[in-house]
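Here the structure is laid out as structure tokens; the discussion comes afterwards.
Any read-out appearing in this document is the output of simple, stated calculations on the displayed coordinates, not a laboratory observation. The structure presented is a predicted model; accordingly, all values stated were derived computationally and were not measured. For neighbour counting, all protein chains shown are included, and Cβ atoms are generated from backbone atoms with ideal geometry for every residue, glycine included.
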Amino acid sequence: MEKEIGFSRAVRIGNIIAITATAPIAKDGYVHTPGDMYGQTKRCLEIIKDVTEQAGGKPDDVIRTRLFLKDIKRWKEAAKAHGEFFSGVQPASSFIGVSGFIDPEWLIEVEADCVLQE
């Protein structure tokens with residue numbers, strides 16, 4: 001939907017990559033693991049990893065993440081997936097409660113910022 005909406009999943013300028021809010025979209029285009037905060041968080045992070053690599057970076061280049069949660073009470077489920085993915089990197093991170101997303105089955109969206117190590 002990037003072209004239709006007029007946005008980019010990621011933008012790289014120099015050694016900086018900014019990755020927009022990433023939803024838990026399965027490879028078939030539907031929602032990945034409906035109802036499963038942990039599974040949806042893992043999927044968002046997989047997409048972010050792929051986008052980071054396509055832009056010339058790697059997960060170690062991530063310096064900040066923002067996790068937007070539909071139900072902030074479930075933050076520990078998202079934190080578990082985030083911790084597994086970023087335990088060696090430990091980027092600055094925020095967990096933010098929101099009222100909803102475009103698709104009501106999305107429980108989370110994740111943003112990331114990277115600075116490429118040169």
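Please go through region 49-65 and give me each residue that is farther than 11 Å from Arg12 by Cα, aliphatic (A, V, I, L, M) and buried (at least 17 other Cβ atoms within 10 Å of the Cβ), ordered by number.
Once the filter is applied, which keeps residues that are farther than 11 Å from Arg12 by Cα, aliphatic (A, V, I, L, M) and buried (at least 17 other Cβ atoms within 10 Å of the Cβ), region 49-65 yields only Val62.
Hey, Leu69 hits all of (1) surrounded by fewer than 17 Cβ atoms within 10 Å (Cβ to Cβ); (2) farther than 16 Å from Arg9 by Cβ; (3) under 13 Å from the mean Cα position of the chain (by Cα); (4) not β-branched (Val, Ile, Thr) but one; which does it fall short on?
Status for Leu69: all satisfied but (1).
Got a sec? Which of Gln90, Gln40 is among the polar types (S, T, N, Q) and farther than 19 Å from Asp103 by Cβ?
Every option except Gln90 fails the conditions.
Looking only at region 35-55, which residues are out of contact with any strand residue (DSSP E or B) (no Cβ under 7 Å at 6 or more places or on another chain) and within 19 Å of Thr20 (Cα to Cα)?
Answer for region 35-55, where residues must be out of contact with any strand residue (DSSP E or B) (no Cβ under 7 Å at 6 or more places or on another chain) and within 19 Å of Thr20 (Cα to Cα): Lys42, Arg43, Glu46, Lys49, Asp50, Glu53, Gln54.
Hey, among the residues in region 91-116 that are more than 10 Å from Thr41 (Cβ to Cβ) and touching a Gly at 6+ places or on another chain (Cβ under 9 Å), which one's surrounded by the most Cβ atoms within 10 Å (Cβ to Cβ)?
Cys114
Scan region 16-63 residue by residue and report those that are under 12 Å from the mean Cα position of the chain (by Cα) and of a type in the set (Asp, Glu).
Scanning region 16-63 gives Glu46, Asp50.
From (1) of a type in the set (A, V, I, L, M, F, W, C); (2) in contact with a Cys (Cβ under 7 Å, 6 or more places away or on another chain); (3) farther than 17 Å from Thr22 by Cα, pick out the condition that doesn't hold for Leu116.
The number of the failed condition is (2).
Do we find that Asp28 is surrounded by 13 or more Cβ atoms within 10 Å (Cβ to Cβ), acidic (Asp, Glu) and free of Cβ contacts under 8 Å to residues at least 60 places away in the same chain in this structure?
no
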